[in-house]
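The values are calculated or read from the model by the stated rules, or taken from the named source; none is laboratory data. Computed from a predicted model, the values in this text were never measured in an experiment. Neighbour counts run over all protein chains shown; Cβ positions are idealised from the backbone, glycine included. Heavy atoms of the whole protein, side chains included, go into the accessibility calculation; ligands, DNA and RNA do not. Shrake-Rupley method; radii C 1.70, N 1.55, O 1.52, S 1.80 Å.
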Amino acid sequence: MNARLNLFANAAGAKFFKYINSADKVIVGSTLPAATQELVKLRASQINGCGFCTDMHTKDAAHAGETAIRLHMVAAWREATVFTDAERAALELAEQGTRIADAAGGVTDEAWANAAAHYDEDQLAALAMLIALINAYNRVNVIVQQPGGDYRPGQFG
């Protein structure tokens, strides 16, 4: 499988990724736990069917020390005992924030309140930005059919 368009070699694509990657640095530098960030990115990528990002975030999380069982259980996190209450709240917010069109009311007050019980205001801001950002990455990659499977941890710096 080949991508429809090489966004990394395209001038507009390269410029877009330069700016969007700058936004990612804000989130990475936040106090939102790195493990939570990877779990959220992985779950949104699974929901969106983004093979490239699913590959990337599975490998990045494993490289950072995440266990195989937790990575395997992300898709079924509701039925898994391996996540903390805070991670579960973040995964619920990620799912609702990713499935906005599927959920008539968008993100529920209950999901927000549950996340707010585990994260401070700065972490909530980072979480909301992260959910929006990974969805943007997913959509670009799905549109151009960016294939997954060949990503190497640290490949993009």
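Could you please give the count of residues in the range 5-40 that are under 14 Å from residue 126 (Cα atoms), outside any loop (DSSP other than H, G, I, E, B) and open to solvent by 20 Å² or more (accessible area, probe 1.4 Å)?
The number of residues fulfilling the criteria is 9.
Test residue 73 against the stated conditions and say whether it is open to solvent by 20 Å² or more (accessible area, probe 1.4 Å), touching a residue at least 24 places away in the same chain (Cβ under 8 Å) and within 21 Å of residue 148 (Cβ to Cβ).
no
In the range 46-71, what residues are of a type in the set (D, E, K, R), closer than 14 Å to residue 35 by Cα and part of a helix (DSSP H, G or I)?
59, 60, 70
Does residue 79 satisfy being out of contact with any strand residue (DSSP E or B) (no Cβ under 8 Å at 6 or more places or on another chain) and either at pLDDT below 95 or crowded, with 19+ Cβ neighbours inside 10 Å (or both)?
It is false that residue 79 is out of contact with any strand residue (DSSP E or B) (no Cβ under 8 Å at 6 or more places or on another chain) and either at pLDDT below 95 or crowded, with 19+ Cβ neighbours inside 10 Å (or both).
Scan the range 1-23 and report the pairs whose first residue is closer than 13 Å to residue 146 by Cα and whose second residue is among the aromatic types (Phe, Trp, Tyr), with Cβ atoms within less than 8 Å and a gap of 6+ or a chain change.
Short answer, once both residue conditions are applied: 7/16; 7/17; 8/17.
List every residue pair whose Cβ atoms lie under 6 Å apart, where the two residues are 6 or more positions apart in sequence or sit on different chains, the first residue falls within the range 43-56 and is farther than 19 Å from residue 127 by Cα, and the second residue, located anywhere, is open to solvent by 20 Å² or more (accessible area, probe 1.4 Å) and of a type in the set (Gly, Ala, Ser).
51/148; 52/148; 55/148; 55/149
Among (1) open to solvent by less than 60 Å² (accessible area, probe 1.4 Å); (2) under 14 Å from residue 33 (Cα atoms), there is one condition residue 133 misses while meeting the rest; what is its number?
Evaluating residue 133 over (1) open to solvent by less than 60 Å² (accessible area, probe 1.4 Å); (2) under 14 Å from residue 33 (Cα atoms) leaves (2) as the failure.
For the range 101-130, give me the residue count where each residue is within 20 Å of residue 46 (Cβ to Cβ) and open to solvent by 50 Å² or more (accessible area, probe 1.4 Å).
Counting residues in the range 101-130 that are within 20 Å of residue 46 (Cβ to Cβ) and open to solvent by 50 Å² or more (accessible area, probe 1.4 Å) gives 4.
Among the numbered conditions (1) open to solvent by less than 40 Å² (accessible area, probe 1.4 Å); (2) within 21 Å of residue 153 (Cα to Cα); (3) assigned to a helix (DSSP H, G or I), tell me where residue 96 comes up short.
The failed condition is (2).
When both residues are 6+ apart or on different chains and their Cβ atoms are under 9 Å apart, which pairs have a first residue that lies in the range 91-114 and is farther than 20 Å from residue 126 by Cβ, and a second that is of a type in the set (A, V, I, L, M, F, W, C) and surrounded by 10 or more Cβ atoms within 10 Å (Cβ to Cβ)?
Within 9 Å, the pairs are 99/47.
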